[in-house]
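The values are calculated or read from the model by the stated rules, or taken from the named source; none is laboratory data. No experiment lies behind these values; they were computed from the predicted model shown. Backbone-built Cβ (ideal geometry, glycine too); neighbour counts: all protein chains shown.
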Amino acid sequence: MSDLAKKLTIVLILSTAIVGCSKKEEGMASDPSVAAERTASNSDIVQENTVKNPEQLVGTQQSALEQNRQLVKSAQLQFEVKDVLQTASALEQQLLQYNGYIENKQIDYQVSDRSQRDRIDGSIDIYEKITPFVELTVRIPNDQVTTFLNKLLPLMLNFNTQSYEAKRYELKLLEEKLNTANQSNSASNTVNNQLQQLTDLEVKDRLAYSTIRLEFFQQPKVRKSHDLNIHRIATMDSEPLLTRIGEAFKVGLSYFKETILWLIQFWAFFLVIIAIWVIRKAYRLRKQGS
């Protein structure tokens, strides 16, 4: 009995300790200060793990070597914005400030999913998941490229990719001439000279104006449009029921006539079948008589 009493005492002590710990945890959870501390710590973790946009895209300081050389600059950026049309309008206003211009512009609404619902009146409701997308190729004076690129940051909701290139004028000219030579191996000397002149002019233009390609998009949204179900409209616009029944009888009669005419075309086949039947019957009668 003494051993049993000791075991019961140990069990009661352990259960009391477990209940006390659980109540303490519940009290801490119900305490608003503790909950606020946990929420603050969780938000700090989320902020630490959140990817932020860069503070600047291109450094504003230039080395003496970069300042003394003629450089052909180009850049390409891809980012997400809140509204593509407003961003495109803001970019056009900035281009006016920098004496730049748009070389190419394309606005596209990419459809990634589509669904439709038929209505009783014969119309169709179409729902599309679209992603507005804009591609811009702009030309900026070479000395304004850094300022223009860094002022794009306030327009960005989420930054994705960037590529930046600054090559010596001589190297860029050599690359363009090599491409021209590869494209005109079979051309005459006159054509080659014209291509080289155009290449020189193009590279000089790139030396004065940098080429920047911008690709930006916004979050997908739903576009609703309407269409017509022409078959349902034709059915709804049909004659009354009795008239349709009479027309059905007429159509059936015409089909029956056409079927009879079609069968008559096989009259020779029917004669062969009748001849085989007659010969077979005569053979049976003769066999029975013998």
Selection over segment 119-143 where residues are among the charged types (D, E, K, R) and touching a strand residue (DSSP E or B) at 6+ places or on another chain (Cβ under 6 Å) yields a count of 5
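From VAL191, VAL222, VAL203, VAL251, grab the single residue that is within 41 Å of the chain's Cα centre (by Cα), surrounded by 10 or more Cβ atoms within 10 Å (Cβ to Cβ) and modelled with pLDDT under 90. I'd like the intermediate steps shown before the answer.
Details: VAL191 fails: within 41 Å of the chain's Cα centre (by Cα); VAL222 fails: modelled with pLDDT under 90; VAL251 fails: within 41 Å of the chain's Cα centre (by Cα).
Among VAL191, VAL222, VAL203, VAL251, only VAL203 is within 41 Å of the chain's Cα centre (by Cα), surrounded by 10 or more Cβ atoms within 10 Å (Cβ to Cβ) and modelled with pLDDT under 90.
Mind telling me which of the residues LEU149, LEU157 ends up being buried (at least 17 other Cβ atoms within 10 Å of the Cβ) and either modelled with pLDDT of 85 or more or at negative phi (or both)? I'd like the intermediate steps shown before the answer.
Working: LEU157 fails: buried (at least 17 other Cβ atoms within 10 Å of the Cβ).
Within the list LEU149, LEU157, the selection yields LEU149.
Look at ILE130 and say whether it is closer than 30 Å to ARG232 by Cα, in the same structural domain as GLU165 (by TED's automatic domain parsing), not small (Gly, Ala, Ser) and not in a strand (DSSP E or B).
no
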